[in-house]
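Below you'll find the structure, written out as structure tokens, and then a few comments.
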Amino acid sequence: MEVDDLTKDLDRQQALLEELHKLVDRPMRLMVVCGTQNRAILKYGIRQKLPTMLELVAGPGCSVCVMPAGHIDAFIKIAKQLKVITAACEDLIRVPGSNQSLATVWKKGARIEVISSPMDALDIARREPDFTVVYPAVGFEATAPSVAETILEAARLGINNFCVIPSIRLLPPTIDLLMLDPDLNIQGLLCSDHINTISDTKAYTELAKKHDLSCYIAGFEVVDILAGILSLVKQIRNGESLFDDHSAFVYSSADNRKARKMVSEVFFAVDTDWRGLGTIERSGFVIREELSLFDATKRFNVRFEEGLESCMCQCSAIISGRGLPPDCPAFGLACTPKNPVGPCMISDEGICHSYYKYNLQASRLIL
Ligand code: SF4
């Protein structure tokens with residue numbers, strides 16, 4: 001960004017903050033659903049600059065944080081098989097299952113490769129024909145098109161030594177469930193561009209109507225986030241329940257149609273477990289029977305079972321807006337990014353990790 005642009009950006013931030021301070025005249029509670037936006041809010045000190053009557057809580061929008069121990073146990077069971085390569089994203093490798101993580105079995109000799117996209121896993125399968133390459137597909141609905149595309153590509157090319165552990169979660173049913181709790185008292189949802197990838201705006205419009213919520217999709221820059229918060233505040237003051245889409249990404253309808261078609265060809269929705277939140281109706285995807293060759297749970301006959309989660313960890317309260325990381329007795333003491341107890345401290349997008357990195361360390365430096 002050039003100096004002129006930076007100055008304009010800072011002026012705009014200041015103007016948005018001033019307007020917020022004028023308009024917030026009563027307690028308001030907003031949920032910031034996305035982990036990336038929560039990280040930006042903490043990184044740029046937005047929270048401290050907001051009016052005190054405006055409360056921000058975190059939502060379930062970090063895919064690694066909501067991964068239940070039972071799913072990690074299944075990933076581990078498959079990773080320990082002979083002639084298997086597990087190709088997974090870096091954050092996932094450290095998430096604890098009931099007794100161990102993928103990192104633990106990696107140290108003991110399981111073959112794990114760190115990748116950044118499902119197509120990377122397919123490339124490994126091409127290079128390693130003597131191994132079965134397994135991709136634990138973790139993420140929200142926005143990741144589903146790329147996983148579906150990879151499975152369809154494997155089927156088209158006949159790459160049969162590639163398969164996926166389907167563990168994709170859908171946010172709208174989970175937000176719907178959380179909003180049924182009157183004690184949560186959330187008046188507005190700030191959502192990110194991520195949810196717009198397959199343009200699931202209908203689900204969010206329905207959520208807004210059903211729960212009298214104001215919803216806003218924003219990007220990840222400070223100005224985008226502040227503009228989103230301001231729009232939510234205005235809607236709350238006007239008693240409006242709208243879905244306001246200011247996504248920075250514009251997807252053509254052809255792209256959306258293609259993405260939706262691929263997703264429905266490969267997946268269908270089923271009840272799914274979330275860490276700390278239990279089983280939520282139709283909140284996850286599994287692979288259709290016609291493509292079961294690419295479903296690792298079927299190929300290795302492994303089921304997702306209930307796992308054991310650390311009773312010390314308060315992640316479930318934190319990702320459902322019922323508390324903030326400092327409310328957890330382990331935060332910054334028994335649980336740090338070097339020695340994480342729960343997944344919210346592992347992922348860069350985990351709210352505990354962001355709080356530790358940008359809030360706790362900053363306050364220690366000041367002291
Ligand atoms: S600080 Fe650690 S133990 Fe506490 S909720 Fe966060 S991740 Fe879990």
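For L293, the conditions (1) crowded, with 17+ Cβ neighbours inside 10 Å; (2) part of a helix (DSSP H, G or I) are fulfilled apart from (1).
T279 meets all of the listed conditions (1) among the hydroxyl-bearing types (S, T, Y); (2) within 8 Å of the ligand (Cβ to nearest atom); (3) surrounded by fewer than 16 Cβ atoms within 10 Å (Cβ to Cβ) but one, namely (2). Of the residues making up region 315-323, one or more are in contact with a Gly (Cβ under 6 Å, 6 or more places away or on another chain) and within 8 Å of the ligand (Cβ to nearest atom). Taking every residue in region 112-125 that is of a type in the set (D, E, K, R) and pairing it with any residue that is assigned to a loop (DSSP other than H, G, I, E, B), at least 6 positions away or on another chain, the pairs with Cβ-Cβ distances below 9 Å are D123/I115. Given the structure, is V263 more than 16 Å from the ligand (Cβ to nearest atom), on the phi < 0 side of the Ramachandran plot, surrounded by fewer than 18 Cβ atoms within 10 Å (Cβ to Cβ) and among the aliphatic types (A, V, I, L, M)? Criteria not met by V263. What do you reckon, is R29 within 30 Å of A142 (Cβ to Cβ), part of a helix (DSSP H, G or I) and modelled with pLDDT of 90 or more? Judged against the criteria, R29 is not a match. Scanning region 135-194 for residues that are of a type in the set (A, V, I, L, M) and assigned to a strand (DSSP E or B) returns A137, V138, V164, I165, I168, L189, L190.
Okay, residues lined up against (1) modelled with pLDDT of 95 or more; (2) hydroxyl-bearing (S, T, Y); (3) not assigned by TED's automatic domain parsing to the domain that holds R39:
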residue: F220; (1), (2), (3): no, no, no
residue: E240; (1), (2), (3): no, no, yes
residue: H246; (1), (2), (3): no, no, yes
residue: K261; (1), (2), (3): no, no, yes
residue: V266; (1), (2), (3): yes, no, yes
residue: G278; (1), (2), (3): no, no, yes
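Here I41 fits the description: aliphatic (A, V, I, L, M), over 30 Å from R126 (Cβ atoms), within 21 Å of the chain's Cα centre (by Cα) and not assigned by TED's automatic domain parsing to the domain that holds S347. Looking at P172, P145, P129, which is the one that is buried (at least 20 other Cβ atoms within 10 Å of the Cβ) and either modelled with pLDDT of 95 or more or within 22 Å of F268 (Cα to Cα) (or both)? Only one candidate passes the filter, namely P145.
Yes or no, residue by residue, for (1) crowded, with 23+ Cβ neighbours inside 10 Å; (2) within 24 Å of L177 (Cα to Cα); (3) among the aromatic types (F, W, Y):
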site: N256; (1), (2), (3): no, no, no
site: V270; (1), (2), (3): no, yes, no
site: V286; (1), (2), (3): no, yes, no
site: N301; (1), (2), (3): no, no, no
site: E305; (1), (2), (3): no, yes, no
site: C313; (1), (2), (3): yes, yes, no
site: I318; (1), (2), (3): yes, yes, no
site: S354; (1), (2), (3): yes, no, no
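Checking each residue in region 17-37 for being over 15 Å from G188 (Cβ atoms) and buried (at least 19 other Cβ atoms within 10 Å of the Cβ) picks out only G35.
Applying the condition of being part of a helix (DSSP H, G or I), in contact (Cβ under 8 Å) with a residue 60 or more places away in the chain and among the charged types (D, E, K, R) to region 211-238 and asking which residue is surrounded by the most Cβ atoms within 10 Å (Cβ to Cβ) yields K234.
Just one of the listed residues (K49, K83) is surrounded by fewer than 19 Cβ atoms within 10 Å (Cβ to Cβ), of a type in the set (K, R), touching a helix residue (DSSP H, G or I) at 6+ places or on another chain (Cβ under 7 Å) and touching a residue at least 24 places away in the same chain (Cβ under 8 Å), and it is K49.
The values are calculated or read from the model by the stated rules, or taken from the named source; none is laboratory data. Note that the coordinates shown come from a computational prediction; the quantities given were computed from them, not determined experimentally. Using ideal geometry, Cβ is built from the backbone for each residue, glycine included, and neighbour counts are taken over all protein chains shown.
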